[in-house]
Structures are given as C-alpha cells and as structure tokens.
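The structure appears below as structure tokens.
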Amino acid sequence: MSSKATSAASRKKGKVSKAEKVRLQKEEEERRQREEEEAQILAEQIEAARLEKERQEREELQRLEAKLLEHREEELLEHRLLLEERLDAARRWKRDLRIRGKWDRYMLCDGSPDPTVPQEINTFMSLWSAEEAEDFQSVLNKSRLVLRLIGELELLLLDTPAEELGEAEAGQYTQSVRRLQELLHRKFNEATEHLLKSAAALSDIDTGNMQKVIRNNTVTLCIWANLNKNPRFRGYHFEEAELSFDLPRPLALSNIAVRLLHTDYDHISCLSQTYRPQGKEPEEKPPTDTLISETGGGEWRLGAEQEEEPALESTTVLEEERKSEERKSVLSAESHREDENEMENESERRSQEEDPSEGHSPTSLLNPAQEEELLEDDVVDLRQFTSLGGVYYFDVLVLPPQCKQVNGWSMVQLVSGGLQPFPYPQESLLSSGLGVSLQEKDMEGLRSPPVGVSLKVPASVVFFEDPHVARWDPETNNWKTDAILEPKYNPELRELTFRMDAFYTFTLMAETHLHMPYESWELTPRGDNEASLSISTAWTHLQIEIKDDQCRLAAVSEVGGDLSDVIGRWTTPLRLQAAMKKVGLNVFPAEDSGKYVSINKKNEAAEDAAYKEMALLCPSFSFAWSKWNQSCGYERIIMKVREGSGSDWSLYMQSPQRWQRLGLSESSDVFSEELYPGSAFHSTLYHMIRDHCSAEAPERLRRAHHLFLDCVYSLLSATRPLTHS
C-alpha cells in the first residue's frame, strides 16, 4: 500500500476512536450514577437495619431493666438474708470470742501479768527492772514471756475494731509494747555485761579467749572476748550459729569484746519515719451523675440519692486493718532513747514505769509529704522494703575488768556506766583518749579497716532475690544502705558476706511488693465449708486452703528454706497474714501499695461488694482472673465464673447498675459488653448465676456456715485479687 493511502486510513481511524471515546465516557458516567444510586439505597437499607437493630436492642434493654427494677427489692432482701446477716453473725461471733478471750485471760492465773491492765504490766516491768546481775540464760528464759505479752498487745491492736478499742486504750497498748521492747533489749545488754565480767573464767584453753553461743528459738547471742591479745587474730566463726566476723587489725590488741546478738523479731523498724503510710492516695471519684454502689447487695443508685440510704453498719476487714495499723503506728512516733544513753536516763525511765500517766507523746513536726521530701537517697523506705530474718546487733564493746586471784582473795575492779561501746573507727579511738594496747607508732597512718561479717541466711525466710543489707542509723532512726561494702550472696549455700566501715546493727531487706501484681488467681470450692485460693506470681505459686473459720498455707512452689512453721498450720486469716509476711511471702497489699507497684484500680465499694459475692457463692462456684478486668474501666469488674471445678468458664461483669453475663470469652479479640444470648440483668451476682446453674448449687450455698463465708471474705479483702492482678 502506498504511503498516501496509509495516511488516509490513519486519519479515518482516528476520527472513529474519538467518537468511541465519547460514547465510552457517557456509558461510564451512566454506570457510575447507577452504582452511586445502588450504594445509596444499600446504605439506606443498612442504616435502616442498624436503626432497627438498635431499636430492638434498646427495647430489649428497657425490658430487661424494667424486669430488673421489678424484682430488685425481692432480690436484695433475699441477698441480704443470705449474705449480710451471715456476715453480721460472724462479726458478732468474733466480738463474743474477744470478750471470752478477755475473761479467759483474766482467769488464766499462771503468774504472768495481763498486758492490758496498766497496774499489772507496770508492776511486772518495775520488778524486772530492779533485778540485777541476771545471767544471760535467765534473761533468755524471761524473754519468752515478754515476747508473748508483746504479741498479745499487737494482736489486740490489729484484731479489735475501732468501735471497740478507743484511742486512749490503743495508745496505752502501744506504749506498753514499746516499753516492753526497750526493757527486753536493756536486759540483754545488762546480761551481756554480767557475762563479760566472767570472761576470764570462761576462756577457752586452746585460744585463750572467751567465745560462747547462747540461744533459744528466737534469740541467739554470739560473744567473743579478746583475752589473749593475739596480734595475728583476724576473726572467729561461731559454728553453732553459722555467724562469723573479721576483726580489723587495729583491734587485735585492744581490750574489747565482740557481740553478735541475733533476734528473729524486729523491734526497731517501727521507730523509722518510713514505717507507717505517708498518706493515702485519694480515692478516685466518679462523676456526680454516675451510678455508685450500695454495699450490701449489689444495688447501685444515683449519687444524689446516697444520703437517703442507711449508713454501712459494719466496718470492712480492710478498714479495720487500716485503722488498727494507724493505731499501731503510734509506736513509730513515740520518743525513744538510744542504747548509749539508756543508763544515763535510767532513773527517769523507772519513774515513768512507776507512773503510767507519764507516757511517750506521739509528736511530729513534719507532715507526711514533708517527711518524704527530706528522705536521703540511702534511707530505706519501709513501705517499699521489708526486714526479713530479724535484726543483728553487731557491737564492739569495752571488756570490763576481770576478776583476779591475789593471795587467795578474788578481786575485781568495779566500774559504773554499764555496757560500754568501744569507739571504732580508729579516728574516734584516737580522739577519745581511751587506753588501748596498741603502740602509738602502730596507730599512725591507720585508716580504720572495715569490719567483715559472714552469715547464713535463716532457713525460716525466703529471699527470691539477693537480700539487701541495711544498717541502723540511731541518729536519724532509719535503716540506711550506706557503709555496706562488697556484699556477696551465694543462693545455693544461702551464705551472705559483706563489710562495714564500723560496727552497726543491721538487717536483711527484701522488696515488699515482689509478688505483686499477681499473674493469675483462682478461688475453688473443695467441699462443705472448704475452699482453696490459688495465687500465681512472677516468682512462685501458692495455695491457701480454707476450712470453716480457719485457713492455712497449703503449698508453695519454687522456694528454698524450711517453711514448716508456716505451711500446713491452721490459723485465722489475720495470723496467717502476719506469718506469711514474716517469711517473705507477702501477697497482702497495703493501702499505699499503689505507690510502689502498678494496680488495676477499681472503685473500692464495688470491689468490696464483689468480694462479698464471691464469698457467698464460693461453696458452689469457682472464680478466676480474667484479662478483660483491665479493659472494663474503673467502675466495672469482670471475673471468670464456673460451677464447681469442671464446667466451662463464663464471664460476668459487675457495673454500677447491675450484674450481667457477657457474650465474649477469654479468647475474644475485642472487648464488648454484649449480653450472653438469653441472659437477663440482676441486682446481685447470686441471682445472676442462679439463672445458669444446677438445682443443687443454691442448696449448697444455703448450707454454708457463716464463719466460713466470713473467712473467705477476709482473705479476699486481704489479698485484693481484683485490683492486684
């Protein structure tokens, strides 16, 4: 084909393509308009369907709420009979038990004083204070009685509700506790002095020095007297007590004695300003138009109507413990005297013991916020750390004059002033002018070498992390971490070694909230008036068994040491808390724990109401941790529930208005408050669960003893699994 013909065909084809393009554009526009019309119709249909669904859901919600209101009074009355009256009966039983306990204490007649009677306890302390030249074993035997008296008073302070124990009586108890503690330690010092006066007679033939261990189940005395003055002496190991010390070289020729007094109790932490809470965080308030809880049956009402309702008749376990802890914290504010000044103020102290009206007045010049601001970096916060394994009083003492035999006569130099601390570091020694056996040329250039200590951590306590060593500062009345050098811990042998720049009283510290928040928890029925509470933490898994009005720690995993004094022993919830805290198994949050560990904060009234529901239902139902409890907000609580221990878990939510069963499961991807198909609203969890349980379950609930329910409720209130997991 010629080029001219090809060009003509191309022009013709171009004209056809342009017309076709216009036609296609028109068809595309028409198609787009049809799609928009169809999409609009579909959207209108979807919106209509959504509105219809919302209308149906709204109508169904209104129907369920109307049904809830229709049966509310009936449900609350039945719930009150099942729960509140039974908890009130348990409180009355415990009150009668306390009254009987007072009568039994009065009728005991075993020769021991009643610590609640000022005349008896003052007479006991005055008579014991007047006794002189007691040997250490006698004081050790007497210490059992003193510690028992202290324990009685402390238990009364913790276990007695505020309405039964007035502030004056509580102050009297705390003052008696502190005075007994001071008297006991003073008697240990006097007995140590009496023992050291006979050091020469008790010296060891091989070493020429006196080394002795005297102990019972609560106190261990390790004493060493430098009689031989061997310049090569470097330290001593008390094999029986598994305690060692390294003596600095400047002291090897000094007229000294070294004392290691270990008590498995701690009577000095209560003197620290960090011992008591420094102010509670204010409770988060819901908006005024939000619904709040009525503590008694799960009923919730508008805040404006709150004043019309009767006040709560009883104080919850947490409130009782908080108030009693505040009363007990008077110990921390009482003025006290240092051990070095005790003998100088002896006459004044004895006059106070004879006159009970002159007590220690709890005074504080700083408010809690100011006290917190003034804390130094090396001060141990006793709200964040806990002393475990007792206290070690590590002292270097002036060896008193020894008895000498002269021409058949026994002669001894009498000195006044009691037990005298030997000044160390060495700079204090030089400035004091006290006589020592070191030559002056040997003293020059010395830098007071540190003191070494080696000990085996008591098997009765559990450290999940390496223990921290803290020394007591008598000037500020605080535990401090300064002056502790080269700490080394062998967890397999439970051996701890460290050095200090002087002789200090020291203790071992552990994180108070090490086991919080919990990873999971579960409350399971085990039979008539029996249940178990399992708590899993990042470090261990423990199981608490509940039977009737008592409970026990049944099992603990991944721990070392001997916990036979705690595991398997039936006791009350309050005593169990104290025992577990003492050995390092603290799963009992304090009121200010939220300052030191993350919590899932909930409305306190709603949380308390949930624990009551769980206590009522635990004879037939199991409860467990749910991940959705962190997603539902401050006012709502979600937990897993199932009948017995074999059925599938269901999720139930407590809201300010009602209880409801949720349609979602633990494996759902997104949180939703959608109702479980066919379920209804109820004022209480008891009535909510009754719609989906067997016929035997409610009967088991009615057979449950009120003391068992109260014990479960006390444990749940103490562990607070809904906010600390």
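Highlighted here are the strands (runs of 3 or more DSSP E) found entirely within the stretch 172-288 that include at least 3 residues which are under 35 Å from the mean Cα position of the chain (by Cα) and under 29 Å from residue 509 (Cβ atoms): 210-215, 219-225, 243-246, 256-263. A single entry from 99, 41 fulfils the requirement of being farther than 30 Å from residue 705 by Cα and loosely packed, with under 12 Cβ neighbours inside 10 Å: 41.
Of the strands (runs of 3 or more DSSP E) that lie entirely inside the stretch 493-551, those containing 3 or more residues that are free of Cβ contacts under 8 Å to residues at least 60 places away in the same chain and of a type in the set (S, T, N, Q) span 530-536. The numbered conditions (1) outside any strand (DSSP E or B); (2) at pLDDT 95 or above are all true for residue 476 except (2). If you go through the stretch 557-585 and keep only what is of a type in the set (Val, Ile, Thr), in contact (Cβ under 8 Å) with a residue 60 or more places away in the chain and not in a loop (DSSP other than H, G, I, E, B), you end up with just 583.
In the stretch 666-689, the qualifying residues are those that are exposed (fewer than 13 other Cβ atoms within 10 Å of the Cβ) and either more than 23 Å from residue 600 (Cβ to Cβ) or outside the structural domain of residue 622 (by TED's automatic domain parsing) (or both), and the one that is modelled with the lowest pLDDT is 678. Please tell me if residue 663 is assigned by TED's automatic domain parsing to the domain that holds residue 682 and without any contact (Cβ under 8 Å) to a residue 12 or more places away in the chain. Here the answer is no, as residue 663 does not meet what is asked.
Under the condition of being of a type in the set (A, V, I, L, M) and farther than 17 Å from residue 573 by Cβ, the residues counted in the stretch 516-545 number 2.
The numbered conditions (1) buried (at least 22 other Cβ atoms within 10 Å of the Cβ); (2) aromatic (Phe, Trp, Tyr); (3) over 24 Å from residue 71 (Cβ atoms) are all true for residue 649 except (1).
For (1) polar (S, T, N, Q); (2) closer than 30 Å to residue 122 by Cα, each residue gets a yes or a no:
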{"residue": "189", "(1), (2)": "yes, yes"}
{"residue": "196", "(1), (2)": "no, yes"}
{"residue": "201", "(1), (2)": "no, no"}
{"residue": "207", "(1), (2)": "yes, no"}
{"residue": "215", "(1), (2)": "no, yes"}
{"residue": "226", "(1), (2)": "yes, no"}
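Exactly one residue out of 623, 588 is surrounded by 19 or more Cβ atoms within 10 Å (Cβ to Cβ) and in a loop (DSSP other than H, G, I, E, B), and it is 588. Give the residues of the stretch 147-187 that are buried (at least 18 other Cβ atoms within 10 Å of the Cβ), of a type in the set (Gly, Ala, Ser) and farther than 18 Å from residue 125 by Cα, sorted by residue number. Of everything in the stretch 147-187, just one residue is buried (at least 18 other Cβ atoms within 10 Å of the Cβ), of a type in the set (Gly, Ala, Ser) and farther than 18 Å from residue 125 by Cα, namely 170. Checking every residue in the stretch 472-486 against the condition of being touching a Gly at 6+ places or on another chain (Cβ under 9 Å), surrounded by fewer than 22 Cβ atoms within 10 Å (Cβ to Cβ), farther than 22 Å from residue 237 by Cβ and small (Gly, Ala, Ser) gives zero matches.
Note on the stretch 190-213: among residues that are under 24 Å from residue 265 (Cα atoms) and in contact with a Ser or Thr (Cβ under 8 Å, 6 or more places away or on another chain), the one that is surrounded by the most Cβ atoms within 10 Å (Cβ to Cβ) is 191. Suppose the filter is surrounded by 14 or more Cβ atoms within 10 Å (Cβ to Cβ) and either more than 25 Å from residue 177 (Cβ to Cβ) or basic (Lys, Arg) (or both); does residue 67 pass it? So residue 67 does not fit the description; no. Would it be correct to say that residue 725 is in contact with a strand residue (DSSP E or B) (Cβ under 8 Å, 6 or more places away or on another chain) and without any contact (Cβ under 8 Å) to a residue 60 or more places away in the chain? Judged against the criteria, residue 725 is not a match. Number of residues in the stretch 446-473 that are in a loop (DSSP other than H, G, I, E, B) and either within 30 Å of residue 542 (Cα to Cα) or hydroxyl-bearing (Ser, Thr, Tyr) (or both) equals 12.
The values are calculated or read from the model by the stated rules, or taken from the named source; none is laboratory data. Values in this document were obtained by computation on a predicted structure and should not be read as measured data. Positions of Cβ are generated from backbone atoms using ideal geometry, with glycine treated the same way; all protein chains shown enter the neighbour counts.
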